[in-house]
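The values are calculated or read from the model by the stated rules, or taken from the named source; none is laboratory data. These figures come from a predicted structure and were not determined experimentally. Reconstructed Cβ throughout: ideal geometry from the backbone, glycine too, with neighbour counts over all protein chains shown.
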Amino acid sequence: MAILSSGRALLDAPAILTRAGLASGMRYADFGCGPLGHFVIPASEIVGPEGRVFAVDVLKSVLASLEDRIRVEMAKNISVVWGDFERPSGVAVPSGSFHLVSVVNIVPILLRSADAVAEVRRTLRPDGKLLLVDWIKEDTAIGPPVEQRVNAAEAELILTKAGFTLKQTFAAGPYHWAQVFSLV
């Protein structure tokens, strides 16, 4: 039986966010944030009181769970936003809002829709970055079935065709890859 890693053993969110360029005073959004805020809570600490974090998800129940965690953590710089990034203007924020947007463990959802890619692009500042993190496309002891995964090369091809520029690729843990894209 495989032992399931959790927390930083599986994905070290603070290290990944820092490597992607998140820093004090920035505005960051996690699209598809999930109920635990695995990237949202550390991002809140990284951007500090001068920055802002936006936890975006399409499931209201997920956002309600995350709001409870935010209260426990006493994070004052996180906004919970219901939004569907698969639709044009589906995330109710002004264009050019974010220094960094992340899509973690749901990259296939982003890549299957030109509207989703366009919505991410709309929300980024001209100097903004997109961080993708997802499961390596190999059979591993944990994670989704291989046929539901996308490899980094597929993501790069789709995003470069959409006008993004790959800035870096790195291992984001034992089972994940990461890529950072810019608009220039």
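For the range 34-67, a residue qualifies if it is within 21 Å of V120 (Cβ to Cβ) and among the β-branched types (V, I, T), and the qualifying residues are V40, I46, V47, V53, V56, V58, V62.
Working carefully through the options F98, F39, F85, find the one that is touching a Ser or Thr at 6+ places or on another chain (Cβ under 9 Å), under 19 Å from K129 (Cβ atoms) and without any contact (Cβ under 8 Å) to a residue 60 or more places away in the chain.
On the way: F98 fails: without any contact (Cβ under 8 Å) to a residue 60 or more places away in the chain; F39 fails: without any contact (Cβ under 8 Å) to a residue 60 or more places away in the chain.
After ruling out the rest, the residue left standing is F85.
Given the conditions (1) part of a helix (DSSP H, G or I); (2) at pLDDT below 95, which single one is not true for L36? Unmet for L36, out of (1) part of a helix (DSSP H, G or I); (2) at pLDDT below 95: (1).
State all residues of the range 148-173 that are more than 21 Å from F31 (Cβ to Cβ) and either under 16 Å from the mean Cα position of the chain (by Cα) or at pLDDT below 95 (or both); if no residue qualifies, say none. Can you show your working first?
Going through the range 148-173, the residues more than 21 Å from F31 (Cβ to Cβ) turn out to be 153, 171.
The one that is more than 21 Å from F31 (Cβ to Cβ) and either under 16 Å from the mean Cα position of the chain (by Cα) or at pLDDT below 95 (or both): A171.
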